[in-house]
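Visitor: Sending over a structure as structure tokens; questions will come in a sec.
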Amino acid sequence: MKTQIINHADSCGEAECCGFVIDNKTYMPCKNISPTPTEAFEISPDDWIQAETIGEITAIVHSHPNGLPILSEADQIYQQQTAVDWWLVCDNQIHKFRYIKPLLGREFEHGKTDCLTIVRDAYMLAGIDLPDYERTDDWWHNGQNLYLDLLPKNGFERVDAEDMQEGDIILVCLGSETPNHAAVYIGNQYILHHCPDRLSKRDTYGGFWRNYTHSIWRHKQWQKFGYTAISNNLAINSI
């Protein structure tokens, strides 16, 4: 299926390809009926109906022939509407983006939608997949050190505060000497994070958050366009 998808993208030249993954095993190529196929894609209602008669649509595929390997703001808006995974072909590679709720305004549920979840989801949008970890509430009181174990094992290096840049992970100590909270630095002295009993949100990085910062970490494979992907998602809540 991977070869079929990449070949389809190649055959479309400068235009964006599009299609469906059905039942996680079959690729159904579609015609891009967008009036501006080099800038966007649109799948006909007839193709949608045909795909749904074959099986369950488990992913939507399209390509960025001359673009970045991230979902654009428009892509992320449409992904919210379709509520399925999106696969993106770019530079003869398939980049897979699982369906997630918008980063802002999430309800907190420990182990499901918490501060680790928002870090993982933000990085997934940036093209970096981080593993999930089963975690009990108050793990920091039970001898665990989740973040200091997780980050070095998954490509992160500690950086100095004065060198902090967009996309860095900030670890914070909340009522504990063990860093038990994580935030993504999104520039201009703002962070993206998710605290217990609150909705996920932007916060000013100063005062309390700066005073209780434990350390700052950067992924070795981080690229600047990763922040663009995160910013595209944050823009969904501004529309």
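Visitor: For the chain, what is the calculated [θ] at 222 nm in deg cm²/dmol (nearest 500), taking -39500 (n - 2.57) for each run of four or more DSSP H residues and dividing by its residue count?
Guide: Values: 7 runs with 65 residues, N = 239.
Result for the chain, helices only: -8000 deg cm²/dmol.
Visitor: Projecting each Cα onto the charge dipole of segment 1-116 (Lys/Arg +1, Asp/Glu -1 at the beta carbon, about the Cα centre), which of N92, H64, A9 comes out farthest on the positive side?
Guide: So the residue furthest toward the plus end is N92.
Visitor: For segment 122-211, taking Cα atoms only, what is the radius of gyration to one decimal and the Dmax to the nearest whole Å?
Guide: So, for segment 122-211, Rg and Dmax equal 13.2, 36 Å respectively.
Visitor: I would also like to ask the following. How large is ³J(HN,Hα), in whole Hz, for each residue of segment 210-220 in order, when computed from phi with the Karplus curve 6.51 cos²θ - 1.76 cosθ + 1.60 and θ = phi - 60°, using x for Gly and Pro?
Guide: Calculated HN-Hα couplings, in order: 5, 5, 9, 5, 8, 6, 10, 10, 10, 6, 5 Hz.
Visitor: So, one more: When only Cα pairs under 8 Å and 6 or more residues apart are kept, what is the percent relative contact order across segment 2-97?
Guide: Values: 166 pairs, mean separation 26.5, N = 96.
About 28 percent, as a whole number.
Visitor: What is the angle, in °, between the Cα long axis of helix 225-236 and the longest principal axis of the Cα atoms in the chain? Nearest 10 is fine, range 0 to 90.
Guide: Between helix and principal axis, roughly 80 degrees.
Visitor: Give the percent of DSSP beta bridges with both residues in the chain that are antiparallel, rounded to the nearest 5.
Guide: Details: 36 of 41 bridges.
Around 90 percent antiparallel, to the nearest 5.
Visitor: Something else: Restricting attention to the alpha-carbon atoms of segment 105-171, what are Rg (one decimal) and Dmax (integer), both in Å?
Guide: When restricted to Cα atoms, segment 105-171 yields Rg and Dmax of 12.8, 33 Å.
Visitor: Return the label of the correct value of percent of Cα pairs over 26 Å apart, as calculated from the structure shown, out of [x] 43; [y] 52; [z] 39.
Guide: The calculated read-out lines up with [x].
Visitor: How do T26, T36 line up, fewest other C-beta atoms within 10 Å first? Write out the running numbers ahead of the final one.
Guide: Values: T26 14, T36 11.
So the residues, fewest neighbours to most, are T36, T26.
Visitor: May I ask you to sort H95, H219 by Cβ crowding, counting other Cβ atoms within 10 Å and putting the fewest first?
Guide: Numbers: H95 16, H219 19.
Neighbour counts put them in this order, fewest first: H95, H219.
Visitor: Sort K224, K31 so the one with the fewest other Cβ atoms within 10 Å of its own Cβ comes first.
Guide: K224, K31
Visitor: Relative contact order of the chain, please, whole-number percent, based on alpha carbon pairs below 8 angstrom and at least 6 residues apart.
Guide: Numbers: 436 pairs, mean separation 42.1, N = 239.
Relative contact order comes out at 18 percent.
Visitor: Compute the acute angle (0 to 90°) between the alpha-carbon long axis of helix 2-11 and the principal axis of greatest extent of the alpha-carbon atoms of the chain; round to the nearest 10°.
Guide: Tilt of helix 2-11: around 60 degrees.
Visitor: Nearest 5 percent is fine: what portion of the DSSP beta bridges confined to segment 2-97 is antiparallel? Let's see the in-between values first.
Guide: Working: 16 of 21 bridges.
Close to 75 percent.
Visitor: Would you mind checking the pairs K2/K112; K2/K201; K25/K153; K153/K224; K25/K112; K96/K224 and listing those with alpha carbons more than 25 angstrom apart?
Guide: Details: K2/K112 30 Å; K2/K201 37 Å; K25/K153 32 Å; K153/K224 22 Å; K25/K112 27 Å; K96/K224 19 Å.
With Cα atoms farther than 25 Å apart: K2/K112; K2/K201; K25/K153; K25/K112.
Read the figures in this text as sums done on the coordinates, not as results from a lab. The structure presented is a predicted model; accordingly, all values stated were derived computationally and were not measured. Note that we place each Cβ from the backbone using ideal geometry, even for glycine, and neighbour counts take in every protein chain shown.
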